[in-house]
Amino acid sequence: MDLGEDVSSLFGKRSKTNSNSTVNRSRTKGVEEAPTSFNQKKCIAWFRQYTTPSNTDTIGPEGVETFCRDLNVEPENIALLVLSWKMGAKQMGYFTLQEWLLGLTDLQCDSLAKLQGKLNYLHSLLLDSSHFKSIYRYAFDFSRDKDQRSLDIETAKAMLGLLLGRQWSLLNSFFQFLDQSRYRVLNKDQWCNVLEFSRAVDVDLKNYDVDGAWPVMLDEFVEWLKVTRGESNIQ
């Protein structure tokens, strides 16, 4: 799976703004001198550089993509997910003015330069176990279609790759299991338990408690993996 392409497409799959309503591009590119104090009016003016004339209180998918380019961050960069979490953004591919101000006031960023200087900090939040768990849980609601209670498998795989790709060695095996399984969506309980499973269960599965309270999906994954390893002569 091309994770970068799949995660990038999550922004594009939401409804696009009308091509006749172009994003305001009259802004200064690159990094500018960043004053020390936070200026809300400046922050709002910066926000509106990415909105359209028909809706000045919401940045849509085209504006988010332009924002990412200006920030020199790919949409699949996990820092963008952490930033969305900071904002409390409700829907992938959209930032409302209220969400923008919530997150950027907290970060004390009213310019591109200031936010670029916070990217390492956003990444560092993932190193804290409680913050990571909060961001992980947030990602489920953020990336699902709002008329659905579950997350479709392809979106789930893309987000799991973004969040767990560097820390769970069984992730590719889990993806293979999903591909051949009956599961086409993940509900929130399953989503949250995948994180707990990745933290609690050893790669060799020896400490997996078959009588534990894991979702059936993870019981089936363990059974499938043991069979696969047996067929592959992997101990």
Can you give the relative contact order of the range 101-180 as a percent, counting alpha carbon pairs under 8 Å and 6+ residues apart? 13 percent
When the solvent-accessible surface of protein heavy atoms is calculated with a 1.4 angstrom probe, in what order do Tyr121, Tyr136 fall, highest first? Tyr121, Tyr136
Let a ≥ b ≥ c be the square roots of the eigenvalues of the Cα gyration tensor of the range 164-231; is it rounded (a/c under 1.5), or, if not, prolate (a/b larger than b/c) or oblate? rounded
Placing +1 on each Lys and Arg Cβ and -1 on each Asp and Glu Cβ in the range 130-229, then taking the dipole about the Cα centre, the residue among Ser134, Val216, Val185 whose Cα reaches farthest towards the positive end is Ser134
When the range 40-127 is reduced to its Cα atoms, the Kirkwood hydrodynamic radius in Å: 12.8 Å
Determine the order of Asp70, Asp145 by accessible area, beginning with the largest, at a probe radius of 1.4 Å. Asp145, Asp70
Probe 1.4 Å - accessible area at Thr96, Å² to nearest ten: 50 Å²
Sequence-distant residues sharing a close amide H with Thr51 (under 5 Å, placed H): Asn24
Roughly how much of Asp106 is accessible, in Å² to the nearest 10, using a 1.4 Å probe? 90 Å²
Going from most exposed to least, what order do Ile153, Ile44 have by accessible area with a 1.4 Å probe? Ile44, Ile153
Under a Cβ-only charge scheme (Lys and Arg +1, Asp and Glu -1), can you give me the dipole magnitude of the range 145-235 about the Cα centre, in debye to the nearest 20? 240 debye
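If you put +1 on each Lys and Arg Cβ and -1 on each Asp and Glu Cβ, how big is the dipole of the range 40-127 around its Cα centre, in Debye rounded to 20? Walk me through the intermediate numbers first.
Working: 8 positive and 9 negative charges, 60 e Å.
Charge dipole of the range 40-127: 280 debye, to the nearest 20.
The values are calculated or read from the model by the stated rules, or taken from the named source; none is laboratory data. As the structure is a computational prediction, the values presented were derived from the model and not from experiment. For neighbour counting, all protein chains shown are included, and Cβ atoms are generated from backbone atoms with ideal geometry for every residue, glycine included. The area values use the complete protein model at the heavy-atom level, side chains included, leaving out ligands, DNA and RNA. Shrake-Rupley method; radii C 1.70, N 1.55, O 1.52, S 1.80 Å.
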